Every structure is written in structure tokens, then in C-alpha cells.
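Take a look at the structure below.
Taken together, the values in this text are just the output of simple stated rules run on the coordinates, not laboratory data. These numbers were taken from a predicted model, which means no experiment stands behind them. Note that we place each Cβ from the backbone using ideal geometry, even for glycine, and neighbour counts take in every protein chain shown.
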């Protein structure tokens, strides 16, 4: 039965492409996770299928997908492999953010978009640092940008949680401009002298994102590579593209739900004369999984549609966007837990994907915005005089 959230021919065609890729993604996922290996093969398939240019404007050779369509892709890829989905989501999300905000010069943005559409290059932001934590917390980068006498800059510093590190063509790095104290965003090509990747990524979940450390040792770039200036309060306004995060974890939860249902339909212990799908408690847990997924998915896609359909009202959606992330990621954790309870002790075995689903969805709790930020956003809306 076709998912009710798919409506247009474009959505259906993209979904058909992804459905064809999912069996291979599922088959590879365990090896990628076990060895914390980046999913190069998956990215090769996604590049060939055109998903690197999903959010690139049509006039620059891309598909120009809106937020709703972007989330459908994210959720579907995550049903096959969560780490692949989250990794690609950062790239497509950054393109969407730049498209929607127009914070890069138009010629610079067009050039990047055409490289993505024609050559399949990948980029991601590198903003998190050991001392500052998440950029959403507002810490000032310790990475420095020193203006050179002949023009351009010298960048020195260290970035953590650099997802897609093994495959990125461009790193969009935040740095404090030494002479002015401003925070700038700088476009740094992978082959820059002094740029290296320190392989530090060894985590509980999302192991295949390879979110390693980026080391910048007096990396020299041109004047035009200062692509944006960060304003005070950056990242605190509504950012629809960040819904790619809950979409990823809901896709993971859907995979766990579907695998648990398939298990229940076939598993029959010798104490029963029927599969456990007929056991009332299994049926109750299955219904509970579906209720949670319905709540989260309808909420997420409704807010995404508001974002797409009413661009002039996006500034009003900060509370809804944060609430979607908190609701969806927490419900995803609960769905995977229920799936494992249905499967029982076998869900703990490395030969089954449930323990990987469990570890992966936990990561969603630590992606931005965190639950305490969501609570503060909603409380501030309720009590505007006591922010």
C-alpha cells in the first residue's frame, strides 16, 4: 500500500528510485556499523541516482526540492541505513539553508550549485569545537582566521563532529577573524595544504557517519572564500532544514517497526500453535508503535508543509520546528524499544539489526536542537515577559 504522505509524481519517482536501493543499503549497513566504515558504496548509488542535487535550485541544474520532499527522501534512505541518511542530510540541508537565506553572494552560490549538479561534489558545515560544543549554544569559535598581507586568510583550528569527513569536497568552516573579532564562514577545499582528518570517530551509534575531527594547520584560502559573516543570534531563528534530523530517526524507527512485524508474523515458539502476531500483547505493542509513528510523522510533515506553503510566516515556526524534533526523536526511541520488546532476547543479537537501530536512534537525542532548548523556546513563547 502506498504511503499516504506521497502525493506528486516527483515524490513517487524519487521513492521508486530509493526503494530499488534499499535492499543493498540494508545488506551493507551491518558491516558499515560494525567497522565504523563510511558508506562509500551507498553514496556512489545515491550520486548516480541524482540525490546529491536534491535541494539545488532547478535553474542551476538541481531538483529544487522543498522541505516536505526533502524529508520524504531522508526518511526513506534511513529505512535502509540511518548513517547514510543523516550524512547526506547535512549536505542537502546546507544547500537548502543557503538557498533559503541567500547569505552567500549569488555568484558564489551558483558556482557551488553547478559543481554539485554537474560533478556531484559534497559539502558540509564544520562548526562544532571541543571548547564550544554545539554551535546552537552560541559559543565563539576558537578557530582563527588571520588576514594575509597579500590578500586572503590563514585558517588554524580544530573542528569536531565533521560528518561526511572521508568524502567531503568542501568544508564550510566557522572561524573568528583575528583583526575584527567577527565570526566568518569560510569555504575550504579538501585538497588545501594543511588540512587533514584525524580519525577519532568511535561512537555508540551512527558509527558510519565518520564524523571525525577536522584539523586546519595554517590553511591558506583566497579572499572570496570568506563566504558569509555570522550575525549575533545566528542559528536561533527558525531553520526548517534541520527537520532532516527527525526524518532520519523516524525512518530508522519505521525500519525497526517493519522488522518487528515481519518477525512476529513468522516466529512461532513450540509453546504456541500460531505465530506470536496473534498474541494480544504483541498486537498491543504493534499498535502502540504505529500510534507513535503516526503522531510524529503527521506532525513533522504538517509543519514541513507550512514551511513550504507560507514562506512569509516562517519566522513564526520556531516553536513548531523545535517541537517536531523533540517529539519525533523521543518517539523514535520509544518505537525501537517496543520493537525490541516484541522480538525479545533475539533483538540483542548482532545478527539482527535491532540493536543497531537502538544505538542509532539514541544519537538523535543529541542532535540540535536538544530537548532543553526546545523547552526553553516553548516556555519563552508562553511567558514572553520572562525570557
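As a proxy for reagent exposure, 333, 73 were ordered by neighbouring Cβ count within 10 angstrom, fewest first; the result is 333, 73.
A crude spin-label estimate for the pair residue 4 and residue 258, with each label 7 Å from Cα along the Cβ direction, gives 1.8 nm.
Remark: the stretch 257-304 projects, on average over all directions, an area of 3.4 nm² (convex hull of Cα atoms).
Applying the Kirkwood pairwise sum to the alpha-carbon positions of the stretch 124-230 produces a hydrodynamic radius of 13.8 angstrom.
Of the beta bridges DSSP finds with both residues in the chain, what % are antiparallel, to the nearest 5? That works out to approximately 80 percent antiparallel. Angle of helix 244-266 to the longest C-alpha principal axis of the chain, folded into 0 to 90 degrees and rounded to 10: 20°.
Ordering 144, 252 from the fewest to the most neighbouring beta carbons within 10 Å gives 144, 252. Every helix of 4 or more DSSP H residues in the chain counts as -39500 (n - 2.57), and over all residues that averages to -16500 deg cm²/dmol at 222 nm.
The rule of thumb for compact globular proteins, 2.2 N^0.38 Å, goes into the C-alpha radius of gyration of the stretch 240-386 1.23 times. Computed over the chain, the P(r) tail beyond 37 angstrom holds 22 percent of alpha carbon pairs. Centre-to-centre, using Cα atoms only, the stretch 339-387 and the stretch 218-296 are separated by 9 Å.
Which residue fluctuates the most in the chain, going by a Gaussian network model with Cα springs under 10 Å, if the choices are 35, 258, 367? Checking each option, the largest mean-square fluctuation is seen for 35. As a proxy for reagent exposure, ranking 335, 303 by other Cβ atoms within 10 Å from fewest up yields 303, 335. Shown here is the pair-distance distribution of the stretch 319-359: with all Cα-Cα distances grouped in 10 Å bins from zero up to the longest one, the shares run 30, 39, 21, 9, 0 percent. Between helix 106-119 and the chain there is an angle of about 50 degrees, using the helix long axis and the longest principal axis of the Cα atoms. Here the ratio of the Cα radius of gyration of the stretch 179-295 to 2.2 N^0.38 Å is 1.82. One quarter of the convex hull surface built on the alpha carbon atoms of the stretch 9-121 amounts to 6.8 nm², the projected area averaged over directions.
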